[in-house]
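The values are calculated or read from the model by the stated rules, or taken from the named source; none is laboratory data. Everything quoted here is computed from the prediction, not taken from an experiment. Cβ placement follows ideal geometry from the backbone for every residue including glycine, while neighbour counts extend to all protein chains displayed.
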Amino acid sequence: MNRESRKAIGILDSGVGGLTVAKEVIRQLPREHILYFGDTKRCPYGPREPQEVIAFTKQIVDFLSRFPLKALVIACNTATAVALDIVKEELNIPVLGVVDPGARAAINMSRHGRIGVIGTQGTIKSAAYERALKSIHPGVSVYSHACPTLVPLAEGGFKDPLAARQIVRAALDPMKSKDLDSLILGCTHYPLLSNYIGEVMGSSVKLISSAEETARELSTILHHKGLLDREIGNLHIIRHRFFTSGNPRVFHEIAEDWLDHPLEVERVNLEQTLTRVTG
């Protein structure tokens, strides 16, 4: 067995949103070991300046790099937009973002080339999705809109469904008149709100999450490099680890509900002070 294949896959996000990517990676690659870091203490990243997002991302990468990694997924759209190329230059392992996979999925699913993109202020301001979409299909029409209220809603666990619907409806109102055939959820937090988003946009608009395509691309890269863990029986000894810089109990509640299995969450101050919460 190739020792490199036994190493973990690191996944980082500004908070709980990247769990949507982690869930899909676990589903598609059930033998792989996942290390997840959610920077909930400093979430959201969207309103922050690019250099600050880059600094935060590099801090998390430095922490995850203390473990033996064979790949890293930047599961935050804002961090992908501003820090992906920098991290790629600094690491000698495959590093993936979520923007390009999401754009490819949208192009494949769009019927009439009228694609909406919702995301944080940072992601929308970067125009990363528009560039990615246009590079694949120059004739596509792209309508982008920042929804800064949705990440705090997802991070809070949206315990009041009525209030959640009102917040989502107000955030998406400018997109209702665009005659979209598909809508990219350009923040990994947004799939946590997909039921509400779907209600507002209607059944004729396909919601595009980058999670599935990102996991598929990760699988392809690991296979090509001979890094997939194929050891028989490994399914029985896998232990994923989840780290957060914020409240581990809030993170634990959302993560356990979304991933649908018991887990432990360790609080990290990026100097590796840990507090474990067990499910």
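Details
- A count restricted to the stretch 182-199 and to residues that are more than 16 Å from the chain's Cα centre (by Cα) and either on the phi > 0 side of the Ramachandran plot or surrounded by fewer than 18 Cβ atoms within 10 Å (Cβ to Cβ) (or both) stands at 3.
- Flag if Arg169 is in contact (Cβ under 8 Å) with a residue 12 or more places away in the chain and assigned to a loop (DSSP other than H, G, I, E, B): no
- Of Leu222, Leu218, all but one fail to be under 29 Å from Val142 (Cβ atoms) and not assigned by TED's automatic domain parsing to the domain that holds Gln121; the exception is Leu218.
- Screening Arg165 on (1) of a type in the set (Lys, Arg); (2) closer than 14 Å to Tyr190 by Cα; (3) assigned by TED's automatic domain parsing to the domain that holds Tyr45 shows it passes everything except condition (3).
- Filter result for Ala83 (touching a residue at least 40 places away in the same chain (Cβ under 8 Å) and of a type in the set (Gly, Ala, Ser)): no
- Val140 meets the stated requirement of being among the β-branched types (Val, Ile, Thr) and over 22 Å from the mean Cα position of the chain (by Cα).
- Of all residues in the stretch 185-207, those that are touching a strand residue (DSSP E or B) at 6+ places or on another chain (Cβ under 9 Å) and either in a helix (DSSP H, G or I) or more than 15 Å from Cys76 (Cβ to Cβ) (or both) total 10.
- Subset of the stretch 146-166 [among the charged types (D, E, K, R) and assigned to a loop (DSSP other than H, G, I, E, B)]: Lys159, Asp160
- Every residue from the stretch 51-79 that is over 15 Å from Phe37 (Cβ atoms) and either of a type in the set (Asp, Glu) or assigned to a strand (DSSP E or B) (or both): Glu52, Lys70
Conditions tested, residue by residue: (1) in the same structural domain as Pro248 (by TED's automatic domain parsing); (2) surrounded by fewer than 21 Cβ atoms within 10 Å (Cβ to Cβ); (3) within 16 Å of the chain's Cα centre (by Cα).
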site: Leu19; (1), (2), (3): yes, no, yes
site: Pro30; (1), (2), (3): yes, yes, no
site: Asp39; (1), (2), (3): yes, no, yes
site: Glu52; (1), (2), (3): yes, yes, no
site: Thr57; (1), (2), (3): yes, no, yes
site: Val61; (1), (2), (3): yes, no, yes
site: Arg66; (1), (2), (3): yes, yes, no
site: Lys70; (1), (2), (3): yes, no, no
site: Thr80; (1), (2), (3): yes, no, yes
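- Inclusion of Asp160 among residues that are modelled with pLDDT of 95 or more and of a type in the set (D, E, K, R) is not warranted.
- Total residues in the stretch 119-147, condition of a type outside the set (Ser, Thr, Tyr), in contact (Cβ under 8 Å) with a residue 12 or more places away in the chain, within 25 Å of Ser14 (Cβ to Cβ) and out of contact with any Gly (no Cβ under 6 Å at 6 or more places or on another chain): 11
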